[in-house]
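Each remark here refers to the structure printed beneath this line.
The values are calculated or read from the model by the stated rules, or taken from the named source; none is laboratory data. The shown structure was predicted, so the numbers you read here are calculated from the model rather than taken from an experiment. When we count neighbours, we look across all protein chains shown, and the Cβ atoms used for this are built from the backbone with ideal geometry, even at glycine.
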Amino acid sequence: MSGVLEEQGIRGGRRPGVPWKQVPPVAWVVLTMIAFFGLTAPGFFTAGNFLNITLQGSVLLIMAVAATLVILTEGIDLSSGSVLTLAGVTTVLALQAGLSVPAAVVVGVLTGMACGMVTGLLVTAGKLPPFIATLGMMGMAAGLALVLTRQGAIYADLPAFIFLGGGSLAIIPMPTIIATLVFALAWVVLHQTDFGRYIISIGGNEAGARLSGVNTALWKFLTYVVAGALAALGGVIMAARLRAADPIVGSGWEFDAIAATILGGTSFEKGNGTLGGTVLGVLLIAVLRNGLNVIGVGAMWQPALIGLVIIAAIVFDVLLKQRGVIR
Amino acid sequence: MAEQPLLQARKITKTFPGILALDTVDFDLLPGEVHVLLGENGAGKSTLMKILAGAYQPDAGTIALNGREMRIANPRQAQRLGLGIIYQEFNLAPYLTVAQNIFLGRFPHRWGLLDQARMHAESRKLLDGLNMDIDTRAKVVSLGVAHQQMVEVAKALSVQSKILIMDEPTAALTDREIEQLFATIRRLKAQGIGIIYISHRLQEVHQIGDRVTVLRDGKFIGIRQVSRVTVDELIAMMVGRTITQMFPRDYQPQGAEALRVEGLTSGSRLRGVSLRVHAGEIVGLAGLVGAGRTELARAVFGADPYEAGQVYVFGQQVRAASPDRMVKLGMGLLPEDRKAHGLAMILSLSENVVLSSLQRLFPRRWVDVGREREVVARYIADLRIATPSPRRLVQFLSGGTQQKVVLAKWLCTHSKIFIFDEPTRGIDVGAKAEIHGFMNELVKQGAAVLMISSDLPEILGMSDRIYVMRQGQIVAEVPREKATQERIVSYAMGHEVGR
């Protein structure tokens, strides 16, 4: 009994015991899929295709990092897809208005932060459940994007801007680099700063954190602001890749981001989860989407198949946990 | 005397891990009597009630109903056997009507549909029998507390209960409503129904009771005819706890005022509470559960708002109080429920210890793990925290160790004022003595301590001064020299003594 507790009870350390038991099951699913696509699709196992997967997964990773931070505080952000759209729109509008590329990117990110501030205030000062507050923001941001674009795509073709989405350093695509930096930064914030500690303590026990003197309202508010900024960054990259801001480009992204987070083992309760797991969740979705393309499954069928695999992966995870095969 | 008891419980024993909650307790109930069950917090009243209700199974002992031995396997069976229970927290569905609540789970049907007419007619009859003019079509949420309670009574009677168990039925009632309740109880008695009446209010024993059984620390102390016992005798039976434990106290001269509360008011939970705590003293806050002590602690700490009153910390009035502000002013709260309010269970021991001090330790927001380890190592050594690793999750630590972690957290913020809410509840004897030792150390070093405790020996053994709370008010301030268990309990239960 005490042996088991000792194995479970250490945080941040290497856990003793059977090594394969510590691999999250989603990793096995990812490896299985890579093997499957590798065997069935000739073009899959190439360096070029792997870079392609990271490119395709980059925006999702940024969105999923944001979703993970919010879910760690026992919140949820349904607005991230709409904020992505809106930030893309304001960025392109800023470029069209003659702003420089860095200034336009700042406009885009500020758009997202403003959205995050509104949801953050609704959740903290307004005491709305995050589900409701972000559902409202989801509608507002999406609607505003439609108004600003007059319901059609708006275009931007400055080379310096397009470079953010289509360019590469050495052979690494820019979105991959940006997403990697975002992940690294988020990891450092979560593990090395007081902000990160507060996020985890709020999710673990908000009442307890507050009675420990943690200004829970402030840190929750900031989490939504950060989430808004990250969604906006996703929108900027998306616009740069498409060379345009489309008023419905982000719809559904919030669910992919949340799905990747859940696949990565982050729980909706008790602030339990890791950013590393989220990367695996993103990989699963990205590999699946890429692999389905490579083996020639039509775009029409992809969402249904991806949904199926997500459910299967989570059921797999739950079953293993119930049987005590993994923790 | 030949009368067959409705209920006879013999030698009921129930243990929970580490606690002997009931120790060979006897209890019986005659038809048409009110049998009061009396005892301090933790005496075993609730456990006994839950066993009769089928919610717990006794480890040993027998229960006989109408002379036949029975096993009450679950609450549903208790209901079938004619035991009706009215808990302090009502079990009513607020948005259903009175009649629907009375028949919840046993709706009468007619041709597959609810038989509304019958439901209302029978509810009407039950309520009329209680002499209660309540609209059976009203939603329960629209009723006052007293009427809701009557719905509970009607619900219990609707299954032909012969035995009613009432847990502190007057706790939320006004004097007038209490009179109504007593009238109802007398009517039920006349119908031969036996009532087990659990109460903290001593004066009610004589107002409504026929016999009274006193429990203390899970033991049967005695049974008396109410007509032949005085309140003072009852108090003596309740508190006769022997103080076996030694309390480590070095008394200090009273220092400067650290905390002053004036006229703190919040609804009916806190009604003009004033108190002072000085550096170098432990002030005990005694009272019954529900007297408002925890509410007071939370309000003072800024966790809950209050309508009127002021809090002064080291002579400075606190404005816009919030826990993070109070922590900055040097206050720490060790809450009653460590798991829910004191600790972040998913964080490690180390992370919990520094959680409230991150800003002080790491003003640049960067958590230096090496420094964190050093700081925490010191508290682990000072407080003799038993853990295999500072990175151990607190959820895997024992209760006593968890309490030490909470204490370490407030030492780490350099708190000067500590509010301990039930500091040693659920903690083993060894760790208890250690916690008491640390409290003594704290005040020796000039800290001010406000200690809420329902454990009378702890209150008497540890405090320099004692405030007693009852129904949201401070009803007495007792200096250490004059404090006795009888005195504290008398004040806590509202029995004024001239001593």
Task: Flag if A:Ala133 is more than 24 Å from A:Phe268 (Cβ to Cβ), crowded, with 24+ Cβ neighbours inside 10 Å, more than 14 Å from chain B (Cβ to nearest Cβ) and touching a helix residue (DSSP H, G or I) at 6+ places or on another chain (Cβ under 8 Å) - done: no
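In a helix (DSSP H, G or I) and under 21 Å from A:Leu222 (Cα atoms), is that true of A:Thr90? Full working, then the answer.
Values: in a helix (DSSP H, G or I): yes; under 21 Å from A:Leu222 (Cα atoms): no.
No.
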TODO: Report yes if B:Glu204 is under 18 Å from the mean Cα position of the chain (by Cα), crowded, with 16+ Cβ neighbours inside 10 Å and touching a residue at least 12 places away in the same chain (Cβ under 8 Å), otherwise no.
DONE: no
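Restricting region B:386-412 to residues that are polar (S, T, N, Q) and surrounded by fewer than 23 Cβ atoms within 10 Å (Cβ to Cβ), which is farthest from B:Pro17 (Cα to Cα)?
B:Ser389
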TODO: Quick one: in region B:327-353, of everything that is more than 7 Å from every other protein chain (Cβ to nearest Cβ) and hydrophobic (A, V, I, L, M, F, W, C), which residue is farthest from A:Ala207 (Cα to Cα)?
DONE: B:Leu329
TODO: Tally the residues that are within 24 Å of A:Arg210 (Cβ to Cβ), facing chain A (nearest Cβ under 9 Å) and of a type in the set (A, V, I, L, M, F, W, C), restricting the search to region B:362-380.
DONE: 3
- [ ] Considering only residues that are surrounded by 22 or more Cβ atoms within 10 Å (Cβ to Cβ) and not polar (S, T, N, Q), look in region B:423-433 and name the one that is farthest from B:Met331 (Cα to Cα).
- [x] B:Ile427
- [ ] Considering only region A:72-87, state which residues are modelled with pLDDT under 95 and in a helix (DSSP H, G or I).
- [x] A:Leu72
Open item on the list: Given the condition out of contact with any Gly (no Cβ under 8 Å at 6 or more places or on another chain), within 18 Å of B:Arg80 (Cβ to Cβ), polar (S, T, N, Q) and modelled with pLDDT under 90, answer yes or no: does some residue in region B:142-162 qualify?
Closed with: yes
Open item on the list: So, in region A:177-200, how many residues would count as being at the interface with chain B (Cβ under 7 Å from one of its Cβ atoms) and among the aliphatic types (A, V, I, L, M)?
Closed with: 1
Open item on the list: Within region A:263-278, take every residue that is surrounded by fewer than 24 Cβ atoms within 10 Å (Cβ to Cβ) and more than 14 Å from chain B (Cβ to nearest Cβ) and give me the one that is nearest to A:Leu72 (Cα to Cα).
Closed with: A:Leu275
TODO: Would you check which residues across region B:9-50 are over 19 Å from the mean Cα position of the chain (by Cα) and surrounded by 19 or more Cβ atoms within 10 Å (Cβ to Cβ) and list them?
DONE: B:Ala9, B:Ile12, B:Lys14, B:Val25, B:Phe27, B:Leu29, B:Glu33, B:Val34, B:His35
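Taking A:Ala141, is it loosely packed, with under 15 Cβ neighbours inside 10 Å, on the phi < 0 side of the Ramachandran plot and out of contact with any strand residue (DSSP E or B) (no Cβ under 7 Å at 6 or more places or on another chain)? Before the answer, list the steps.
On the way: loosely packed, with under 15 Cβ neighbours inside 10 Å: no; on the phi < 0 side of the Ramachandran plot: yes; out of contact with any strand residue (DSSP E or B) (no Cβ under 7 Å at 6 or more places or on another chain): yes.
Against the criterion (loosely packed, with under 15 Cβ neighbours inside 10 Å, on the phi < 0 side of the Ramachandran plot and out of contact with any strand residue (DSSP E or B) (no Cβ under 7 Å at 6 or more places or on another chain)), A:Ala141 does not qualify.
Looking for something within 7 Å of another protein chain (Cβ to nearest Cβ) and under 18 Å from the mean Cα position of the chain (by Cα) - is there at least one such residue anywhere in region A:201-223? Please lay out each step first, then the result.
Going through region A:201-223, the residues within 7 Å of another protein chain (Cβ to nearest Cβ) turn out to be A:201, A:204-205, A:207-215.
Still in the running and under 18 Å from the mean Cα position of the chain (by Cα): none.
No, region A:201-223 contains no residue that is within 7 Å of another protein chain (Cβ to nearest Cβ) and under 18 Å from the mean Cα position of the chain (by Cα).
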TODO: Would you mind telling me which numbered condition in (1) free of Cβ contacts under 8 Å to residues at least 40 places away in the same chain; (2) part of a loop (DSSP other than H, G, I, E, B) A:Val106 fails?
DONE: (2)
Task: Residues within region A:81-103 that are crowded, with 24+ Cβ neighbours inside 10 Å and either of a type outside the set (Val, Ile, Thr) or over 13 Å from A:Ala156 (Cβ atoms) (or both), tallied - done: 9
Open item on the list: Quick check on B:Asn74: is it out of contact with any strand residue (DSSP E or B) (no Cβ under 8 Å at 6 or more places or on another chain), closer than 25 Å to B:Glu204 by Cα and not basic (Lys, Arg)?
Closed with: no
TODO: Residue by residue through region B:381-411, note down the ones that are more than 12 Å from every other protein chain (Cβ to nearest Cβ) and not in a helix (DSSP H, G or I).
DONE: B:Leu383, B:Arg384, B:Ile385, B:Ala386
TODO: Answer yes or no: is there a residue in region B:289-307 that is more than 14 Å from every other protein chain (Cβ to nearest Cβ) and over 22 Å from B:Ser463 (Cβ atoms).
DONE: yes
- [ ] Return the total of residues in region B:308-326 being facing another protein chain (nearest Cβ under 8 Å) and within 13 Å of B:Val261 (Cα to Cα).
- [x] 0
- [ ] Could you please give the count of residues in region B:347-379 that are surrounded by 13 or more Cβ atoms within 10 Å (Cβ to Cβ) and part of a loop (DSSP other than H, G, I, E, B)?
- [x] 5
- [ ] Evaluate the following for A:Gly165: is it within 22 Å of B:Lys339 (Cβ to Cβ) and surrounded by 18 or more Cβ atoms within 10 Å (Cβ to Cβ)?
- [x] no
Open item on the list: Could you list, ordered by first residue, the pairs with Cβ atoms under 8 Å in which the first is in region A:147-168 and in contact (Cβ under 8 Å) with a residue 60 or more places away in the chain and the second is surrounded by fewer than 16 Cβ atoms within 10 Å (Cβ to Cβ) and assigned to a helix (DSSP H, G or I), at least 6 apart or interchain?
Closed with: A:Ile154/A:Gln96; A:Ala156/A:Gln96
Task: Elements of type strands (runs of 3 or more DSSP E) contained in region B:18-115, each with 1 or more residues being acidic (Asp, Glu) - done: B:19-29, B:68-70
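Can you tell me which residues in region B:1-17 are outside any loop (DSSP other than H, G, I, E, B), out of contact with any strand residue (DSSP E or B) (no Cβ under 9 Å at 6 or more places or on another chain) and touching a residue at least 40 places away in the same chain (Cβ under 8 Å)? Step through it out loud before you land on a result.
Applying the first criterion (outside any loop (DSSP other than H, G, I, E, B)) to region B:1-17 yields B:7-16.
When the remaining residues are screened for being out of contact with any strand residue (DSSP E or B) (no Cβ under 9 Å at 6 or more places or on another chain), the result is B:16.
Matches in region B:1-17: none.
Give the residue, chosen from B:Ile85, B:Ile134, that is within 30 Å of B:Lys14 (Cβ to Cβ) and either at pLDDT below 85 or crowded, with 16+ Cβ neighbours inside 10 Å (or both). Explain how you work it out, then say what you get.
On the way: B:Ile134 fails: within 30 Å of B:Lys14 (Cβ to Cβ).
Exactly one of B:Ile85, B:Ile134 is within 30 Å of B:Lys14 (Cβ to Cβ) and either at pLDDT below 85 or crowded, with 16+ Cβ neighbours inside 10 Å (or both), namely B:Ile85.
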TODO: Could you please tell me which pairs satisfy a Cβ distance under 8 Å, a separation of 6+ or placement on different chains, a first residue in region B:437-453 that is within 21 Å of B:Ile474 (Cβ to Cβ), and a second residue that is of a type in the set (Asp, Glu) and assigned to a strand (DSSP E or B)?
DONE: B:Ile452/B:Asp421
